[in-house]
1. May I ask for the net charge around F250, where only other residues with Cβ less than 12 Å from the Cβ of F250 are counted and Lys, Arg are +1 while Asp, Glu are -1?
2. Give me R249, R364 ranked fewest to most by other Cβ atoms within 10 Å of their Cβ, as a rough exposure proxy.
3. Tell me, in nm to one decimal, what length is gained between E298 and N151 on full extension, where the rule is 0.36 nm per residue of separation less the Cα-Cα distance?
4. Could you sort out which of K111/K175; K204/K236; K111/K138 sit more than 21 Å apart by Cα distance in this structure?
5. Stretched out fully, how many nm does the piece from E122 to T336 gain, at 0.36 nm a residue minus the Cα gap?
6. Sorting L135, L190, L312 on the 10 Å Cβ count, fewest up front, what's the list?
7. Exposure proxy check: H158, H177 ranked by fewest other beta carbons within 10 Å?
8. Residue separation times 0.36 nm, minus the C-alpha to C-alpha distance between L205 and F72: what's the value?
Amino acid sequence: MELINNQLLWGLLALSIPLAIHFWNQKKAQPLPWAATKWLTEKTKTSAKGIKLDEILLLIIRLLIFTLICIFLASILLKSKNGVDSKIHILESNQSVLESFRFEISEALKKGEKVVLVDGTEIQNIDFEIVEKPLDIKEFQKTLNAQDKPNFEVYLNHSNILNTAPEIFIPGKSKIHLIDLQNITNTTCLKISENEYLISEKGKLKISKTPIGRIAVSNPIKTKIDKSVSDINVLKAGLGALEKTYGLRFDYATTETPDLYFSKDLKNENTILIGDFESYTNPSLAIPETLNIAENLEIYEGKLPEILGQMLFEKWGVISSSNVKTKGQVLALFKTKENTNEKRNPLLNDIIATVLLLLIGLERYLSLRNAKH
């Protein structure tokens, strides 16, 4: 059993007090001459020598009662005083989340409550500089499991939780706070030129002279299309439409590390994978259908630029992903999972309390019986 307040165990030193008194009383009595004693008969003399068994049993019971009281207080009664009921605030590494819940985080820090990012980094000051990065569910779960208090306040941008996200288990009580996507501006943009930036404001793309948040990529966008990709001209035509509409410039002749990497899926020759140089072996996006105009109705109807634009702007974080769960679906992902240590303590404490009550009853019975004699 893990004790909440170990300092109370120093109270066990007080057990030496009744022991000292008991052994002091066992000292051999010294005869004290008194004239009237000569009139007493030998028959009335009693011996006070020896140790009475019932007194020893009573002493042991009282010592056990005191011991159990100390352990019980150390493990149960002072839980709230030692911060078990205080909250842990877990914040996504997202500027929009921080701005939306700045007041709540600030108040938590003032109260001395623990505030951490989903990667486990502890926050000491509300004016810290947040480094945005995608929400990693495995990392988030690891941070939750590492906390020692069963009361959580979680702050998330639910647009970062995709439909493929697994369930998230919280070891205790929790309250999930999600930002309203319709009332925020995305905090990532594309640099079109020296003084122009492509941003998303309340779900709409626009050209701005002021950047918002992090610049995901800048013109020219270094692009590599693997030779395995068929219908390269169709793909380039789709990207060319994006250039005309949004002012993007794709550099296919680059010899540097590409920002975009198009390759053929080895498992499905009709699928084109979209990634970057660092993750091209495990790309995050894919065009699942063939680009052949004769075989794909959407390509025939000229929807390729729209498809590519949605994928790429989501990849760069300029717009919110269309493949996200609703708020209700996100909340349903969170499941309460009791901490095993917390689950064992109540049973053990119940046993201690029951034994304590039985010992108190036995002690009262023996005391009253001895008093009658």
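Read-outs throughout are calculated quantities, based only on the coordinates presented, and are distinct from any laboratory measurement. Note that the structure is predicted; figures quoted are calculated from it, not measured. A quick note on method: Cβ atoms are made from the backbone with ideal geometry, for glycine too, and the neighbour counts reach across all protein chains shown.
1. Every neighbour counted, the sum reads +2.
2. R364, R249
3. Between E298 and N151, full extension yields an extra 48.0 nm.
4. K204/K236; K111/K138
5. Difference between extended and current length: 74.7 nm.
6. L135, L312, L190
7. Neighbour counts put them in this order, fewest first: H177, H158.
8. Separation in residues times 0.36 nm, less the Cα-Cα distance, equals 41.6 nm.
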